[in-house]
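Peer 1: Before we start, here is the structure in question, set down as structure tokens.
Computed from the coordinates by the stated procedures, all read-outs in this text should not be read as laboratory data. These numbers come from a predicted model, not from an experiment. With ideal geometry, Cβ positions are generated from the backbone for all residues, glycine too; neighbour counts draw on all protein chains shown.
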Amino acid sequence: MTFPGAGNVDQTEAAVEIFNGEGPAPFLIVCEHASNFIPDGYARLGLDGAGQAAHVAWDPGALKVAQRISDVLDAPLVASRMSRLLHDCNRPAASPQAMPAKSENWIIPGNAGLTPRERNERAEHIYFPFHRAVAAQLDRWNGASALLALVTIHTFTPVYFGVPREVEIGILYDADSRLADFMLAQQEDGKSARIVRRNEPYAPVDGVTHTLQVHALPRGLPNVMIEVRNDLVETQEEQDAMGDWLAGEIRMAAGRLAADHTGTPQAAGALS
């Protein structure tokens, strides 16, 4: 079976969606794996309905949590409208992981043997518009006195390759741990009942911090990537509760960071 390239797909399908684009709060919320949508022209990349609904195609619950955070903080949210199997916006366009032919136990027939032209077409339609939208939101704050922070929201599976994951919430970062350190310190200060870990279940070595590398680090912006175990956000009530809690933690950590007069990135783990 052959699969169409972007030339056979309706290019008017928007690849990115912005919520609360004029939100005044000094945060930008980003959700790279918000959707499992695959345009009809791609024939589901050869997946059945179960495959398209599975975590392999998106981060279930992540968008709803991100929207709640955006609402509570009154901050803009940039979300991808396309399945990460078409193009993972949290991977460089040149990375094999951007359009994987296999992910965990899933085979993705429509990603096998992609030509350079097909890869470029997907990047032009999905990856670059998404990252231009993120950059445009950040550009709104150029010269502003408020401390802007970039926050990306993801979910992960409770079991990976047959191994249960104990961690419930991961606080991830790349080279700048300022915001993450304050968020982690808050869990210790408040004796949180949640199982919150540093750089789990993934870490920068896994290649998961691309968005932070592209947008936050070059601008010197405080940033954090938040991973939530997806069995904790299966219902609207759970998603809202998690979004409320995370919004409070983000706001508190950003406030503590703004009050810190060093103004420079601190070493990883310095505050935990």
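Peer 1: In debye, nearest 20, what is the charge dipole magnitude of segment 6-259 about its Cα centre with +1 on Lys and Arg Cβ and -1 on Asp and Glu Cβ, if you could check?
Peer 2: Working: 22 positive and 33 negative charges, 113 e Å.
Dipole size: approximately 540 debye.
Peer 1: So how tilted is helix 178-189 from the main axis of the chain? Cα-based, degrees 0 to 90, rounded to 10.
Peer 2: 60
Peer 1: Another question, then. What ³J(HN,Hα) values, in whole Hz, does the Karplus curve 6.51 cos²θ - 1.76 cosθ + 1.60 give for segment 91-107 when θ = phi - 60°, with x put for Gly and Pro?
Peer 2: 9, x, 4, 7, 6, x, 6, 5, 9, x, 7, 8, 9, 6, 9, 9, 9
Peer 1: Find which of His131, Ala75, Leu114 sits farthest along the positive direction of the dipole of segment 67-197, computed with +1 on the beta-carbon of Lys and Arg, -1 on that of Asp and Glu, about the Cα centre.
Peer 2: Leu114
Peer 1: Moving on to the next point. Provide the percentage of antiparallel DSSP beta bridges, counting only those with both residues in segment 6-259; round to the nearest 5.
Peer 2: Working: 12 of 29 bridges.
Taking every DSSP beta bridge with both residues in segment 6-259, the antiparallel ones total about 40 percent.
Peer 1: Quick check: from the Cα gyration tensor, does segment 43-130 come out rounded (a/c under 1.5), prolate or oblate?
Peer 2: On the way: a/c = 2.68, a/b = 1.50, b/c = 1.79.
Cα axes put segment 43-130 in the oblate bin.
Peer 1: Something else now. Relative contact order, percent, of the chain when contacts are C-alpha pairs under 8 Å separated by at least 6 residues?
Peer 2: Working: 519 pairs, mean separation 62.4, N = 272.
Relative contact order here is 23 percent.
Peer 1: Then there's this: Of Tyr173, Asn230, Gln213, whose Cα points farthest to the positive end of the dipole of the chain (charges on the beta-carbon: +1 Lys, Arg; -1 Asp, Glu; origin at the Cα centre)?
Peer 2: Farthest along the dipole direction, towards plus: Gln213.
Peer 1: Using modelled amide H (1.01 Å from N, peptide plane; none on Pro or chain starts), what sits under 5 Å from the amide H of Ser103, excluding residues fewer than 5 places away?
Peer 2: Answer set, sorted by chain and number: Ile108.
Peer 1: What order, most packed first, do the peptides 46-57, 26-37, 206-217 have when packing is the mean number of other Cβ atoms within 10 Å of each residue? Please report the intermediate quantities before stating the final value.
Peer 2: On the way: 46-57: 16.2, 26-37: 24.2, 206-217: 20.1.
Listed from highest to lowest mean packing, they are 26-37, 206-217, 46-57.
Peer 1: Step through the residues of segment 150-161 one at a time and calculate ³J(HN,Hα) from phi using the Karplus curve (6.51 cos²θ - 1.76 cosθ + 1.60, θ = phi - 60°), rounding each to whole Hz and writing x for Gly and Pro.
Peer 2: Whole-Hz 3J(HN,Hα) from phi for segment 150-161: 9, 10, 10, 10, 9, 10, 9, 7, x, 10, 10, 6.
Peer 1: Residues with beta-carbon under 11 Å from that of Asn199, excluding Asn199: net charge, scoring Lys, Arg +1 and Asp, Glu -1? Show your work: numbers first, answer last.
Peer 2: Working: positive: Arg197, Arg198; negative: Asp174, Glu200, Asp206, Glu227.
After counting each charged neighbour, the total is -2.
Peer 1: Could you sort 221-230, 155-164 so that the peptide with the highest average Cβ count within 10 Å comes first and the rest follow in order?
Peer 2: Descending mean neighbour count gives 221-230, 155-164.
Peer 1: Could you work out the local net charge near Leu63, counting Lys and Arg as +1, Asp and Glu as -1, over the other residues with Cβ closer than 11 Å to its Cβ? Walk me through the numbers before you get to the answer.
Peer 2: Working: positive: Lys64, Arg68, Arg81; negative: Glu17, Glu32, Asp59.
Summing Lys and Arg as +1 and Asp and Glu as -1 gives 0.
Peer 1: Helix-derived [θ] at 222 nm for the chain: sum -39500 (n - 2.57) over DSSP H runs of at least 4, divide by residue count, nearest 500? Display every interim value, and only then the final one.
Peer 2: Working: 6 runs with 72 residues, N = 272.
Counting only the DSSP helices, I get -8000 deg cm²/dmol.
Peer 1: Shifting gears a bit: In µm²/s, what is D for the chain at 10 °C and 1.306 mPa s, where D = kT/(6 pi eta Rh) by Stokes-Einstein and Rh is the Kirkwood radius from Cα pairs?
Peer 2: Details: Rh = 19.0 Å.
D, rounded to a whole number, is 84 µm²/s.
Peer 1: So what's the net charge close to Arg178: Lys and Arg +1, Asp and Glu -1, counting the other residues with Cβ under 11 Å from its Cβ? Before the final figure, lay out the partial values.
Peer 2: Numbers: positive: Arg256; negative: Asp176, Asp181, Asp260.
Charge balance in the 11 Å sphere: -2.
Peer 1: Tabulate in residue order the Karplus-calculated ³J(HN,Hα) for segment 25-33, using 6.51 cos²θ - 1.76 cosθ + 1.60 with θ = phi - 60°, rounded to whole Hz; enter x for Gly and Pro.
Peer 2: Each residue of segment 25-33 in turn: 5, x, 9, 10, 9, 10, 9, 6, 10 Hz.
Peer 1: Using only Cα atoms and rounding to the nearest 10 degrees, what angle (0 to 90) does helix 62-73 make with the longest principal axis of the chain?
Peer 2: Computed tilt is about 40 degrees.
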